[in-house]
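Asks: Questions regarding the structure given below will be posed in turn.
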Amino acid sequence: MVDLKTAINIRDLSFQFDKNTGPILEIASWQVAQGEQIFLQGASGSGKSSLLALLAGLQVPTFGEITVLGTLISALDNRKRDRFRALNIGVVFQQFNLIPYLSVLDNILLAANFGKERGPSLKNRAIDLLERVNLQRDLFGRKSSDLSIGQQQRVAIVRALINSPKLLLVDEPTSALDQANRDSFLSLLLEILEENSCAMVFVSHDNDIGKYFSNRIELSKLNQSGNHL
C-alpha cells in the first residue's frame, strides 16, 4: 500500500561500490514528505548522484532500507524496481539522455510506454506539457539532437513527468544554462510540481540554486561517511 504522507524514508543506509573501498554514503535516517521539494547541495564527488541512483532503484544499498512511496524498493529485484520506477518516479539526468535520432514527441512517448496509460490521451498529455514548458510546436517533430541545450532540457522534464510520477529526482540539469534560462526553468518546474503534489529531490553543487527552495539540505550534514569520491 502506498503511503500518501511519505515520499522517501531511509533507515541505516550504507552504500559502497566494492568491498575494497569504504562506504561513500552512510545515512542513519532521512524522510521526505509527499509533495515536498528538497534542494540537496553538495560538492562534486560528495555522493549526490549515487544517492539519486539509490532512490531511483538504479542501485541498491549495501546495507539498510530505502522506502519510496510506501514500497521497500531496496528489497525488490531488478525487474520489479524497474517497473516501480516507471510507474512512480520521474528522473532528469544531468546529460538529459534523450535519444538523438528520435523526435521530441517520440522521446517522450517512448518513456510513456512503460507507464500505466496507453492510447491517444498520452500524446495529448505530452503536447500539453510541451506547451506548458514553452516549447514551440514546430519543434515537436524535430530530432532531439537538433535542439538547443535549453530546449533539450524542457523535453527531458516533460519525459520525466509524462507518467504523472509522485516523486521527481533531478540531477544538476541547469549547469549548462545561463542565468535567465535557469531562472525560468526552475520557476516553471516548481510551479508544475506544486500543482501535481509531486515530491522532488533536486541535487546540485551550486548553492545559489537553493534560493528557489524553502527546504535546503547540505549532503555533508546528512551523510556520515567521510569516504567521498
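Asks: Can you go through Asn20, Asn97 and tell me which one is assigned to a loop (DSSP other than H, G, I, E, B) and farther than 20 Å from Ala156 by Cα?
Replies: Working: Asn97 fails: farther than 20 Å from Ala156 by Cα.
Just one listed residue meets the conditions, Asn20.
Asks: Has segment 34-47 got any residue that is of a type in the set (S, T, N, Q) and in a strand (DSSP E or B)? Give the derivation first.
Replies: To start, the set of residues in segment 34-47 that are of a type in the set (S, T, N, Q) comprises 34, 37, 41, 44, 46.
After this cut, where a residue has to be in a strand (DSSP E or B) as well, the list is 37, 41.
Yes, segment 34-47 contains a residue that is of a type in the set (S, T, N, Q) and in a strand (DSSP E or B).
Asks: Go through segment 187-216 and give me each residue that's free of Cβ contacts under 8 Å to residues at least 40 places away in the same chain and crowded, with 20+ Cβ neighbours inside 10 Å.
Replies: Leu189
Asks: Okay, moving on. For segment 17-34, indicate whether the set of residues that are modelled with pLDDT under 95, within 17 Å of the chain's Cα centre (by Cα) and crowded, with 16+ Cβ neighbours inside 10 Å is non-empty.
Replies: Yes.
Asks: If we keep just the residues of segment 74-103 that are in contact with a strand residue (DSSP E or B) (Cβ under 8 Å, 6 or more places away or on another chain) and small (Gly, Ala, Ser), which is surrounded by the most Cβ atoms within 10 Å (Cβ to Cβ)?
Replies: Checked segment 74-103; the qualifying residue surrounded by the most Cβ atoms within 10 Å (Cβ to Cβ) is Gly90.
Asks: Given (1) crowded, with 18+ Cβ neighbours inside 10 Å; (2) hydrophobic (A, V, I, L, M, F, W, C); (3) under 14 Å from the mean Cα position of the chain (by Cα), where does Leu147 come up short, assuming only one miss?
Replies: Status for Leu147: all satisfied but (3).
Asks: How many residues are farther than 21 Å from Gln34 by Cβ and assigned to a helix (DSSP H, G or I) when one looks only at segment 76-86? Outline the logic, then answer.
Replies: Restricting attention to segment 76-86, the residues satisfying the condition of being farther than 21 Å from Gln34 by Cβ are 77-80, 82.
Within this subset, residues satisfying the condition of being assigned to a helix (DSSP H, G or I) are 78-80, 82.
Residues in segment 76-86 being farther than 21 Å from Gln34 by Cβ and assigned to a helix (DSSP H, G or I): 4 in total.
Asks: Do we find that Ile66 is in a strand (DSSP E or B), free of Cβ contacts under 8 Å to residues at least 60 places away in the same chain, over 22 Å from Gln94 (Cα atoms) and of a type in the set (A, V, I, L, M, F, W, C) in this structure? Step through it out loud before you land on a result.
Replies: Values: in a strand (DSSP E or B): yes; free of Cβ contacts under 8 Å to residues at least 60 places away in the same chain: yes; over 22 Å from Gln94 (Cα atoms): yes; of a type in the set (A, V, I, L, M, F, W, C): yes.
Spelling it out, Ile66 is indeed in a strand (DSSP E or B), free of Cβ contacts under 8 Å to residues at least 60 places away in the same chain, over 22 Å from Gln94 (Cα atoms) and of a type in the set (A, V, I, L, M, F, W, C).
Asks: Looking at (1) hydrophobic (A, V, I, L, M, F, W, C); (2) exposed (fewer than 14 other Cβ atoms within 10 Å of the Cβ); (3) in a helix (DSSP H, G or I), can you tell me which one Phe114 breaks?
Replies: Only one criterion in (1) hydrophobic (A, V, I, L, M, F, W, C); (2) exposed (fewer than 14 other Cβ atoms within 10 Å of the Cβ); (3) in a helix (DSSP H, G or I) is unmet by Phe114, namely (3).
The values are calculated or read from the model by the stated rules, or taken from the named source; none is laboratory data. This one's a predicted model, so the numbers in the text were calculated from it and none came from an experiment. In this analysis, Cβ positions are derived from the backbone assuming ideal geometry, glycine residues included, and neighbour counts consider all displayed protein chains.
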